[in-house]
Amino acid sequence: MEWAVARGVLGPDATRQDSRLDDQAAEWVLLAQSDTDEAAAMMWGDTGTVYWLIRPADLAAARFEEAMFTWQCRWLPPGGGI
């Protein structure tokens with residue numbers, strides 16, 4: 001997830017080969033994670049997970065507005081199943 005946030009921070013010009021990605025990704029830690037939970041009526045895409053990440057200095061200073069969001073989901077065809 002750190003890599004996904006790093007790509008978001010660096011912008012659309014950051015390719016997978018961009019040497020800045022690893023450095024940027026290392027600056028982020030997981031703040032919160034929420035998985036799809038049908039019993040709680042929470043669905044992120046198709047059985048996905050949402051992630052909030054933050055830099056440790058921002059967390060220590062309670063600057064939650066600096067947190068970044070990303071998510072992953074797996075597409076299931078109509079009727080579901082793997």
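For this structure, a couple of remarks:
- The charge dipole of the chain, taken about the Cα centre with unit charges on the Cβ atoms of Lys, Arg (+1) and Asp, Glu (-1), comes to about 120 debye, rounded to the nearest 20.
- Potential extension, residue 18-residue 59 segment - 0.36 nm per residue separation minus Cα distance: 12.1 nm
- Which label in [x] 17, 38, 30, 14, 1; [y] 17, 31, 21, 20, 9, 1; [z] 17, 36, 24, 16, 6, 1 gives the computed P(r) over Cα pairs in 10 Å bins from 0, in percent: [x]
- By average C-beta atoms within 10 angstrom, highest first, the peptides 23-34, 61-72, 46-57, 8-19: 46-57, 23-34, 61-72, 8-19
- 5 angstrom amide H check on residue 31, placed H, neighbours 5+ away: 52, 53, 54
- The calculated 222 nm mean residue ellipticity attributable to helices in the chain amounts to -6000 deg cm²/dmol, summing -39500 (n - 2.57) over DSSP H runs of n ≥ 4 and dividing by all residues.
- Between residue 46 and residue 9, the simple label model (points 7 Å from Cα in the Cβ direction) yields a spacing of 3.2 nm.
Every number here is computed from the coordinates shown, using simple stated rules; none is lab data. What you see is a predicted model; the values in this text were computed from it and never measured. Virtual Cβ from ideal backbone geometry, glycine too; neighbours counted across all protein chains shown.
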